[in-house]
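So the structure is just underneath, and the comments pick up after that.
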There are 2 protein chains.
Amino acid sequence: MELLNGSLISNTIKTELQAKVNDRKAKGLKVPHLAAIIVGDDGASKTYVQSKVKSCLDLGYESTLIELSENTTQDELLNKINQLNNDPLIDGYIVQLPLPRHIDETAVLLAVDPAKDVDGFHPENVGRMALGLPAYLPATPSGIVELLSRYNIETAGKKCVILGRSHIVGMPMSLLMQRNHPFGNCTVTVVHSKSQNVIEECQKADILIAAIGKPYFVTSEMVKEGAVVIDVGITRVADSTKKSGFKLAGDVDFEHVAQKTSYITPVPGGVGPMTIASLLMNTMQAVEIKNN
Amino acid sequence: MELLNGSLISNTIKTELQAKVNDRKAKGLKVPHLAAIIVGDDGASKTYVQSKVKSCLDLGYESTLIELSENTTQDELLNKINQLNNDPLIDGYIVQLPLPRHIDETAVLLAVDPAKDVDGFHPENVGRMALGLPAYLPATPSGIVELLSRYNIETAGKKCVILGRSHIVGMPMSLLMQRNHPFGNCTVTVVHSKSQNVIEECQKADILIAAIGKPYFVTSEMVKEGAVVIDVGITRVADSTKKSGFKLAGDVDFEHVAQKTSYITPVPGGVGPMTIASLLMNTMQAVEIKNN
């Protein structure tokens, strides 16, 4: 068993991106500029978006954090999005989810200029990805493909089972793993809440990707000997031995599953850091498309 | 075994659409108007596009066939598309594929206004479909879902295996069958040219959808007893007993497979007529969105 060390690979990618930033500076080119909008005071969301901004600044990107109050109206948010769409200094931006209940997430999503949609959530980017056209790929699925590629894990013809069909992970993951690509070409099965025979499906997987947000759902009996296991889940569970009172749990019962696998991602330190690395790569792509 | 009679269901849908047209006329509303562009002289394409136009006229739709010569330039075609995008009388239009080699199909596809893209091929429509937003659904996959729904075939939790990952059938079919929808919620597996264990995958299918264009590829041993089999293939194969010298062959060895199935589509008269019915439904949707 070998760990798929997302923290390590993410750092490698950051070093590569930093070199690109320095190269752009030396050539007098614009450095990437990511903006992030957060609405409201959710603690976890704030922490998450701040770490994205910090990662940008660490690399020499420019970054703007736009914090809007919980009672921001939908129109006010759409106006802010319109400003970002029209601001030539902003190469890409993200709107941190979830949004407060009184705001229609779909309306917000559709207002983002696809050319600046570095989260890859706009239908035009999703469709471009599905059709194999150039696109911003959603951060978590493309981070997973990047991780597989950096460990040179063979995927062609392999059976890939994806647990979960979310718009942000499971669905796009299925499209990326089935496409004709050096780290695609899998026979992909998507398993979800309505599926029968979930255990049997998982047992067939050469590559098992769990993205359902249910701590320790994937047990040892569900995993084939030698499988590659990717754990996207990251849920807070109570842990009185921790100062914070909680620990982060993946969808995989790592303790019992790991020994059966050929490769497995830890939680934390697996998929999470790759998600941020993808966002940083997308933002670099945004400035490269525009200014080179 | 029961035949999934696409010809019959297609006629039912046409009758329903005709009633809608008459209703619109009675209310003084615009009737749907579909335009179709064909470039070049390919016989099969011409026949196909003419049958689409004829189907429109039969229902009381308006329809315009735009025939451009084989040596039309890409710019000339894009100009024509631009005209259609800006013509308020045209509710939807299609560009018959394939296009001559000197024309970039992707550039043409991207030029179509998504609001008039009744083929559902534009990335924005593909992405909207993937995200469960209102969209024009691609005609063949949505025709198959319609066929399943008209026969009230239970799909939730069933294992659906799709042979082929084309942008026009296999890929969108996988998204439609896995979505949370009364005739979705399948556990979907997509099998393609790079897949290993194709036979074993097919043997697991409660619903098997073949869309690879290989005559008689699906044999009796590949089909589970009681499965639902949908045959998208339609290939001309030589047949000296026919006046035309050929017959139409599906991807399924119907003669030996049919007896094992609960439901199966014939070729011809199965999926083909449903594809045209879907296009007609999308065109009605186009006028309804705009004018009602």
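Only helices enter the 222 nm calculation for the protein assembly as shown: every DSSP H run of n ≥ 4 contributes -39,500 (n - 2.57), and dividing by all residues gives -12500 deg cm²/dmol, rounded to 500.
The stretch B:139-273: D in µm²/s via Stokes-Einstein (Kirkwood Rh, Cα pairs, 10 °C, 1.306 mPa s)?
Values: Rh = 14.8 Å.
The diffusion coefficient I find is 107 µm²/s.
For B:V95, the residues whose modelled amide H falls within less than 5 Å of its own, excluding neighbours fewer than 5 places apart on the same chain, are B:I37.
The Cys residues in chain A with no partner Cys Cβ within less than 4.7 Å of their Cβ are A:C56, A:C202.
The Rg/Rh ratio of the stretch B:249-292, with Rg taken over Cα atoms and Rh as the Kirkwood radius over Cα pairs, comes to 1.26.
For the protein assembly as shown, what class follows from the C-alpha gyration tensor (a ≥ b ≥ c being the square roots of its eigenvalues): rounded when a/c is under 1.5, otherwise prolate if a/b is larger than b/c, else oblate? Note, shape of the protein assembly as shown comes out oblate.
Expressed as a whole number of Å, what is the distance separating the alpha-carbon centroids of the stretch A:215-292 and the stretch B:28-105? A separation of 49 Å, based on Cα centres. Checking the Cα-Cα distances for A:K52/A:K290; B:K204/B:K242; B:K54/B:K290; A:K54/A:K159; B:K54/B:K158 against a 31 Å cut-off, the pairs over it are B:K204/B:K242; A:K54/A:K159; B:K54/B:K158.
Evaluating 6.51 cos²θ - 1.76 cosθ + 1.60 at θ = phi - 60° for every residue in the stretch B:36-50, the Karplus couplings come out as 9, 9, 10, 10, x, 10, 4, x, 5, 4, 4, 4, 5, 5, 5 Hz, glycine and proline recorded as x.
Each Lys and Arg contributes +1 and each Asp and Glu -1, all at the Cβ; summed about the Cα centre of chain A, the dipole is approximately 460 debye. Starting from the Cα gyration tensor of the stretch B:27-113, take the square roots of the eigenvalues, sort them a ≥ b ≥ c, and report rounded, prolate or oblate (rounded when a/c is under 1.5, otherwise prolate if a/b is larger than b/c, else oblate). It is oblate, given that a/c is not under 1.5 and a/b is not larger than b/c. For B:F246, the residues 5 or more places off, or on other chains, whose built amide H falls under 5 Å of its own are B:D239. In order along the stretch B:130-136, the Karplus-derived 3J(HN,Hα) couplings, from 6.51 cos²θ - 1.76 cosθ + 1.60 at θ = phi - 60°, round to 4, 8, x, 8, x, 7, 6 Hz, and Gly and Pro are given as x. Relative to the globular-protein estimate of 2.2 N^0.38 Å, the Cα radius of gyration of chain A stands at 1.01.
What average count of beta carbons from other chains do you get within 10 Å of the Cβ of residues in A:11-19? Write out the running numbers ahead of the final one.
Values: counts 0, 0, 0, 0, 0, 0, 0, 0, 0.
Mean partner-chain Cβ count within 10 Å for A:11-19: 0.
Counting other Cβ atoms within 10 Å, which trypsin sites (Lys or Arg not before Pro) in the stretch B:1-106 have at most 13 and lie in a DSSP loop? Before the final figure, lay out each step's value.
Details: sites: B:K14, B:K20, B:R24, B:K25, B:K27, B:K30, B:K46, B:K52, B:K54, B:K80, B:R101; in loops: B:K27, B:K30, B:R101.
Those satisfying the criteria are B:K27, B:R101.
In percent, rounded to a whole number, the relative contact order of the stretch B:139-273 is 21, using alpha-carbon pairs under 8 Å and six or more apart.
Decide, for the stretch A:215-277, between rounded, prolate and oblate: order the square roots of the alpha carbon gyration tensor eigenvalues as a ≥ b ≥ c, take rounded if a/c falls under 1.5, and otherwise choose prolate if a/b is larger than b/c, else oblate. In terms of gyration-tensor shape, oblate. Sorted shortest first, the distances from the A:P182 label point to those of the same residue in the other copies are 4.8 nm; each point sits 7 Å from Cα along Cα-to-Cβ. Applying the Karplus relation 6.51 cos²θ - 1.76 cosθ + 1.60 with θ = phi - 60° to the stretch B:58-69 yields 3J(HN,Hα) values of 4, 8, x, 5, 8, 8, 10, 9, 10, 9, 10, 6 Hz, where x marks Gly and Pro. Look at the dipole of the protein assembly as shown built from charges on Cβ: of A:P100, A:V237, B:N71, the Cα furthest out on the positive end belongs to A:V237. Helix A:6-26 against the longest principal axis of chain A: what's the angle in degrees, Cα atoms only, rounded to the nearest 10? The angle comes out at about 30 degrees. Name the most mobile residue of B:D42, B:D253, B:D117, meaning the one with the largest mean-square fluctuation, in a Gaussian network model of chain B with Cα contacts below 10 Å. Of the options given, B:D42 has the highest mean-square fluctuation.
In this structure the amide hydrogen of B:K158, modeled in the peptide plane, comes within under 5 Å of the amide hydrogens of B:T187, none closer than 5 places in sequence on its chain. Among A:S220, A:S244, A:S69, the largest mean-square fluctuation in a Gaussian network model of chain A (Cα springs under 10 Å) belongs to A:S244. For the stretch A:196-259, applying the loop criterion from DSSP together with a ceiling of 16 other beta carbons within 10 Å to the GluC sites (Glu not before Pro) yields A:E225.
DSSP loop trypsin sites (Lys or Arg not before Pro) in the stretch A:195-292 with at most 11 other Cβ atoms within 10 Å of their Cβ, which ones? Taking the stretch A:195-292 and a limit of 11 other Cβ atoms within 10 Å, the loop trypsin sites (Lys or Arg not before Pro) found are A:K242, A:K243.
Summing Cβ point charges (Lys, Arg +1; Asp, Glu -1) relative to the Cα centre of the protein assembly as shown gives a dipole of roughly 240 debye.
For B:P273, what is the net charge nearby, where nearby means another residue's Cβ is under 15 Å from its Cβ and Lys, Arg count +1, Asp, Glu -1? With Lys, Arg at +1 and Asp, Glu at -1, the net is 0. Label points for B:E288 are taken 7 Å from Cα along Cα→Cβ. From this copy to the others they lie 4.5 nm apart, shortest first.
Distance from the A-onto-B rotation axis is smallest for the Cβ of the chain A residue given, in whole Å, as A:G127, 2.
Highest mobility in the GNM of chain A, judged by mean-square fluctuation with C-alpha springs under 10 Å and restricted to A:H33, A:H102, A:H167, is found for A:H102.
Every number in this text was worked out from the coordinates using simple rules, so none of it is lab data. Predicted model, so just to flag it, every value in this text is computed and none were measured. Methodologically, a virtual Cβ is constructed for each residue, glycine included, from the backbone with ideal geometry; neighbour enumeration extends over all protein chains shown.
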